[in-house]
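Quick notes on the structure that follows.
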Amino acid sequence: MSLQLIKTLQTDFLRRLTDDTGIFQHTKYGIPDRTKGYTTDDNARALIVAVLLYKNIRDKDSLDLLHTYLSFIHHAQNEDGSFKNFMDYNRVFIDDRGSEDCLGRTLWALGFALSESSVPDNIQNTCRFLINQALPHIKKLNSPRAMAYAIVGLGFLVETPHALTYAFPYPTRENESESSKNLQRAAIISLIEELASRLHMQYDMNKDEDWHWFEDSITYSNAMLPWALFKAARITIRTDLKETAQESLDFLSSKTFSEQGYLKPIGSNGWLHRHGEAALYDEQPIEACEMLLAYQEAYEVLRDSKYLEQMNLCYEWFLGRNSLRVSLIDPQSGGCYDGIHASGLNLNQGSESIISYAIAHLLIYNG
């Protein structure tokens, strides 16, 4: 697939959802819904797409998107390093502090941006600054998904030599030595291990013979939990984390693939509770995207080709290999529908959906 076609599929619709402030949260069908404003969550995830686009295309449009989304995140950060989340159309934040998940997602995006060497230095320096400001909040996280997002974001730092430079703490003349960089790396690995150990402990407390999961229910952003443990296992070389990651991801797979072999994410209209049945609808694009990312990490750690097959099935969910046998990609707009309802497709095409498809598409075709 050509880069020009990638640009047509992703960037055009993404740009229509983006103004000089950031990406809009929702649409009415394919038109930005200004009444719903913007979120840091969506601009953080959009930053990941912009990084992938710039990595593959290196054009001005992608660079402009990078600047826009990162500028939004910078504006969202409070003086204490936390992040506000919801902004109305008048560019006024309507909350003082976003959720823990918002903090975790933002760290994921910033860490990922730092991991890509093609991203310009001034953008990377801003990412380092924002992460450094947020670091004091990471140990205080209680949300399992927030911890998982943070592990993934910090994992990108320690896996990428150029990304870690001055990331912890922010550079001063006193900490520019090589030994100081080693201390930075050790401190971040220690933080990753602490968060991963807490997830692992939660898993042990909740699992039983027939339920291999971290909680009494399987709800949203489920694949982030095993993904984070796979990444932590690679970094810490802890076998117990790897085993738990594999066991929990395989259990999630057993609940989210149909007998016919296609992906069927847990429905958000009821979820799946221990000893219960999975809600059939609504199936959401973000679940397919994050499962794809978890399978990619699982393959990198375990080198089992079944995870590549499952990764491809997650991508094919967008294209019609799903419970409706209908593509979620609008051929006219290039947008992605917001999910699968009992009555058919949700015809709105919000930012979370196109971002999820764009990440999946770019990873499948460009790694």
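Just one of (1) open to solvent by 40 Å² or more (accessible area, probe 1.4 Å); (2) of a type outside the set (S, T, N, Q); (3) over 18 Å from the mean Cα position of the chain (by Cα) trips up Y299, so point out which.
Evaluating Y299 over (1) open to solvent by 40 Å² or more (accessible area, probe 1.4 Å); (2) of a type outside the set (S, T, N, Q); (3) over 18 Å from the mean Cα position of the chain (by Cα) leaves (3) as the failure.
Can you list the helices (runs of 4 or more DSSP H) found entirely within the stretch 260-367 that contain at least 3 residues being within 22 Å of T244 (Cα to Cα) and among the aromatic types (F, W, Y)?
none
Within the stretch 317-326, is even one residue under 25 Å from I57 (Cα atoms) and buried (at least 17 other Cβ atoms within 10 Å of the Cβ)?
First, the residues of the stretch 317-326 that are under 25 Å from I57 (Cα atoms): 318-319.
After this cut, where a residue has to be buried (at least 17 other Cβ atoms within 10 Å of the Cβ) as well, the list is 318.
Checking the stretch 317-326: at least one residue is under 25 Å from I57 (Cα atoms) and buried (at least 17 other Cβ atoms within 10 Å of the Cβ).
In the stretch 216-241, which residue that is over 20 Å from the mean Cα position of the chain (by Cα) and among the charged types (D, E, K, R) is surrounded by the most Cβ atoms within 10 Å (Cβ to Cβ)?
Result: R238.
Kindly provide the set of residues from the stretch 70-102 that are in a helix (DSSP H, G or I) and in contact with a Lys or Arg (Cβ under 9 Å, 6 or more places away or on another chain), ordered by number.
As a first pass, look at the stretch 70-102 and keep what is in a helix (DSSP H, G or I): 70-76, 100-102.
Answer for the stretch 70-102, where residues must be in a helix (DSSP H, G or I) and in contact with a Lys or Arg (Cβ under 9 Å, 6 or more places away or on another chain): H75, A76, E100, D101, C102.
Tally up the residues in the stretch 103-125 that are open to solvent by 70 Å² or more (accessible area, probe 1.4 Å) and in a loop (DSSP other than H, G, I, E, B), please.
Selection size over the stretch 103-125: 1.
If Y262 satisfies every condition in (1) in contact (Cβ under 8 Å) with a residue 60 or more places away in the chain; (2) open to solvent by less than 40 Å² (accessible area, probe 1.4 Å) but one, which is the exception?
Every listed condition holds for Y262 apart from (2).
Where residues in the stretch 126-153 are in contact with a Pro (Cβ under 9 Å, 6 or more places away or on another chain) and open to solvent by 10 Å² or more (accessible area, probe 1.4 Å), which of them is nearest to K60 (Cα to Cα)?
At the first step, the residues of the stretch 126-153 found to be in contact with a Pro (Cβ under 9 Å, 6 or more places away or on another chain) are 128, 132, 135, 148.
Now drop any that are not open to solvent by 10 Å² or more (accessible area, probe 1.4 Å), which leaves 128, 132, 135.
Numbers: R128: 23, N132: 28, L135: 32 Å.
The selected residue is R128.
Restricting attention to the stretch 276-285, and to residues there that are in contact (Cβ under 8 Å) with a residue 60 or more places away in the chain and more than 27 Å from K231 (Cβ to Cβ), which single residue is least open to solvent (accessible area, probe 1.4 Å)?
Only one residue fits best here, namely D282.
Consider the stretch 59-96. How many of its residues are touching a strand residue (DSSP E or B) at 6+ places or on another chain (Cβ under 9 Å), surrounded by 16 or more Cβ atoms within 10 Å (Cβ to Cβ) and not aromatic (F, W, Y)?
So the answer is 9.
Being polar (S, T, N, Q) and touching a helix residue (DSSP H, G or I) at 6+ places or on another chain (Cβ under 9 Å) is the filter here, so list the residues in the stretch 133-151 that pass it. Break it down into steps so the answer makes sense when it comes.
Kept after step one, since they are polar (S, T, N, Q), are these residues of the stretch 133-151: 133, 142-143.
Correct list: N142, S143.
Which of the numbered conditions does D61 fail, given that it passes all the others? Conditions: (1) under 24 Å from C102 (Cβ atoms); (2) touching a residue at least 24 places away in the same chain (Cβ under 8 Å).
Of (1) under 24 Å from C102 (Cβ atoms); (2) touching a residue at least 24 places away in the same chain (Cβ under 8 Å), only one is false for D61: (1).
Sort out which residues of the stretch 16-52 are open to solvent by 20 Å² or more (accessible area, probe 1.4 Å), more than 21 Å from R97 (Cβ to Cβ) and not in a helix (DSSP H, G or I), and write them in order of number.
T18, D19, D20, H26, K28, Y29, G30, I31, P32, D33
Mind listing whichever residues of the stretch 209-253 are closer than 20 Å to Y315 by Cβ and assigned to a helix (DSSP H, G or I)?
Within the stretch 209-253, M224, P226, W227, F230, L249, D250, L252, S253 meet the criteria.
Only one of A342, A288 is surrounded by 24 or more Cβ atoms within 10 Å (Cβ to Cβ) and in contact (Cβ under 8 Å) with a residue 60 or more places away in the chain; which?
Working: A342 fails: surrounded by 24 or more Cβ atoms within 10 Å (Cβ to Cβ).
Going through A342, A288 in turn, the sole match is A288.
Name the single residue, out of those in the stretch 302-316 being of a type in the set (A, V, I, L, M) and within 19 Å of L362 (Cβ to Cβ), that is surrounded by the fewest Cβ atoms within 10 Å (Cβ to Cβ). Full working, then the answer.
At the first step, the residues of the stretch 302-316 found to be of a type in the set (A, V, I, L, M) are 302, 308, 311, 313.
Of the ones still in play, those that are also within 19 Å of L362 (Cβ to Cβ) are 308, 311, 313.
Values: L308: 14, M311: 22, L313: 20.
Restricting to residues being of a type in the set (A, V, I, L, M) and within 19 Å of L362 (Cβ to Cβ), the top hit is L308.
May I ask you to list pairs of residues, at least six apart or on different chains, whose Cβ atoms are under 7 Å apart, with the first in the stretch 355-367 being open to solvent by less than 10 Å² (accessible area, probe 1.4 Å) and the second being at pLDDT 95 or above and among the basic types (K, R)?
Cβ pairs passing all conditions: I355/R45.
Of the conditions (1) under 19 Å from A187 (Cα atoms); (2) of a type in the set (K, R); (3) at pLDDT 95 or above, R91 fails just one. Which one is it?
(1)
The values are calculated or read from the model by the stated rules, or taken from the named source; none is laboratory data. Note that this is a predicted model, so its numbers are computed, not measured. Cβ coordinates were reconstructed from backbone atoms using ideal geometry, including for glycine residues, and neighbour counts include every protein chain displayed. The protein model used for the area step is the full one, side chains on, heavy atoms only, and it has no ligands, DNA or RNA in it. Shrake-Rupley method; radii C 1.70, N 1.55, O 1.52, S 1.80 Å.
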